[in-house]
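The values are calculated or read from the model by the stated rules, or taken from the named source; none is laboratory data. Computed from a predicted model, the values in this text were never measured in an experiment. Note that we place each Cβ from the backbone using ideal geometry, even for glycine, and neighbour counts take in every protein chain shown.
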Amino acid sequence: MSPPIKRTTNWLDKPYDMIIDVRSECEFAEDHIPGAVNMPVLNDRQRADIGTMYKQVGAFEAKRRGAALVARNIAAHVEGHLGDAPRDFSPLVYCWRGGQRSGAMARILSEIGWQVTLIDGGYKTYRKTVLDGLDTLPPRLRVIMLRGRTGTAKTRILRAVAKAGAQVIDLEGLASHRGSLLGREPGHPQPTQRQFESRLFTAMRELDPARPVFIEAESNKIGDLHIPRALWCRMRDAPALQVVAPLAARVGFLIADYDHIVAEPERLKPLLSWVVTRIGHERVEAWQSCINAGDWAGFVTRVLEDHYDPAYDRSAAARQHVDLGDLIVESLDDGVIAQLAQDLAAYE
């Protein structure tokens, strides 16, 4: 006798051997439960074909064709992805609404003898859980912002802080973007807004509200992605520590950190086109002269002095935040960053 198929709306803290998303590839790419494995019971093309058949031929023919495709696809997953699953395998399965697609997969896996659990309501239930969490989790967090001018290695410091055992929300890491016009990570496209929110929800729900949570000061937008409103409000009201470093140290750090730009100066075109209306042709032409001469120290210095530092000063003056103090350093080498990380990790 096959084990009964269980249904749940509370799967977050329960262990499962695998989370199986049976939706199509495009649905999965838009968003999914972190860690889920995509095993479509109907792929994108098949879903479109069945939908067309349903409208043009009829419901019975579409259902018969769909059933055959679903059976073949599930068989392929059982022999492929699940070919080595043990006798006591216990998966969590979901589709869009927790209906026919996940039900078909669950019945076959249950007949094999595996302990299958379905998310009642499917992805829609998961998405509601994410949205509720994005509203309710941020106000509980004890947020400390890490501020500083461009080039003060804030992201590098926070990642070292996380390795030292402190709580960190790495917004730039979650968004796959460095938070500036040149911030796209080579080879790492940004997630969709929903994927970003899923990553953020997962990161926040693991945090201890009694301990500090360090976050880099950002605008409310990272590349193409928006920081959810409740978290942005919490960040805006949070006390802050500021990293202060000499201009030369910041210039050296940025040249090393953006070595892919130095290797491919063509990547600078968006910055030059965007900033000309803000600082004027004369300054941008001076930037271009530095680029043409390969004077990267001169270029970065001008960019900071002409654009990023004045913008930071204007932004800082407009915000009513509580300053917890300055972290003053003379350099931004690995040893200094490691020491800053240890100091922050010990912060209570």
Out of all the residues in the stretch 280-295, is one or more assigned to a helix (DSSP H, G or I) and under 29 Å from the mean Cα position of the chain (by Cα)?
no
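Rundown of residues vs (1) in contact with a Cys (Cβ under 9 Å, 6 or more places away or on another chain); (2) within 30 Å of G325 (Cβ to Cβ); (3) surrounded by 16 or more Cβ atoms within 10 Å (Cβ to Cβ), yes/no style:
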residue: P40; (1), (2), (3): no, no, yes
residue: E79; (1), (2), (3): no, no, no
residue: L82; (1), (2), (3): no, no, yes
residue: C95; (1), (2), (3): no, no, yes
residue: W114; (1), (2), (3): no, no, yes
residue: K128; (1), (2), (3): no, no, no
residue: L141; (1), (2), (3): no, yes, yes
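So that you can scan it fast, the table gives a plain yes or no per residue for (1) assigned by TED's automatic domain parsing to the domain that holds R211; (2) under 30 Å from A210 (Cβ atoms); (3) surrounded by 15 or more Cβ atoms within 10 Å (Cβ to Cβ):
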{"residue": "C233", "(1), (2), (3)": "yes, yes, no"}
{"residue": "L241", "(1), (2), (3)": "yes, yes, yes"}
{"residue": "V262", "(1), (2), (3)": "yes, no, yes"}
{"residue": "E266", "(1), (2), (3)": "yes, no, no"}
{"residue": "S289", "(1), (2), (3)": "yes, no, no"}
{"residue": "H307", "(1), (2), (3)": "yes, no, yes"}
{"residue": "A341", "(1), (2), (3)": "yes, yes, yes"}
Just one listed residue, out of I144, I169, is of a type outside the set (G, A, S) and under 18 Å from the mean Cα position of the chain (by Cα), and it is I169
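For the stretch 16-30, which residues satisfy the criterion of being touching a residue at least 40 places away in the same chain (Cβ under 8 Å) and either farther than 18 Å from Y126 by Cα or surrounded by fewer than 22 Cβ atoms within 10 Å (Cβ to Cβ) (or both)?
So the first thing to find is which residues in the stretch 16-30 are touching a residue at least 40 places away in the same chain (Cβ under 8 Å), and the list is 16-23, 27, 29-30.
Across the stretch 16-30, the qualifying residues are Y16, D17, M18, I19, E27, A29, E30.
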Any chance the stretch 120-136 includes a residue that's assigned to a loop (DSSP other than H, G, I, E, B) and in contact with a Phe, Trp or Tyr (Cβ under 7 Å, 6 or more places away or on another chain)?
no
Go through the stretch 163-212 and give me each residue that's in a helix (DSSP H, G or I), within 24 Å of V130 (Cβ to Cβ) and of a type in the set (K, R).
R194, R199, R205
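Per-residue answers, yes or no, for (1) in contact with a strand residue (DSSP E or B) (Cβ under 8 Å, 6 or more places away or on another chain); (2) within 14 Å of P40 (Cα to Cα); (3) in the same structural domain as W11 (by TED's automatic domain parsing); (4) not hydroxyl-bearing (S, T, Y):
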{"residue": "A76", "(1), (2), (3), (4)": "no, yes, yes, yes"}
{"residue": "G80", "(1), (2), (3), (4)": "no, yes, yes, yes"}
{"residue": "P86", "(1), (2), (3), (4)": "no, no, yes, yes"}
{"residue": "L92", "(1), (2), (3), (4)": "yes, no, yes, yes"}
{"residue": "R97", "(1), (2), (3), (4)": "no, no, yes, yes"}
{"residue": "Q100", "(1), (2), (3), (4)": "no, yes, yes, yes"}
{"residue": "A106", "(1), (2), (3), (4)": "yes, yes, yes, yes"}
{"residue": "G113", "(1), (2), (3), (4)": "no, no, yes, yes"}
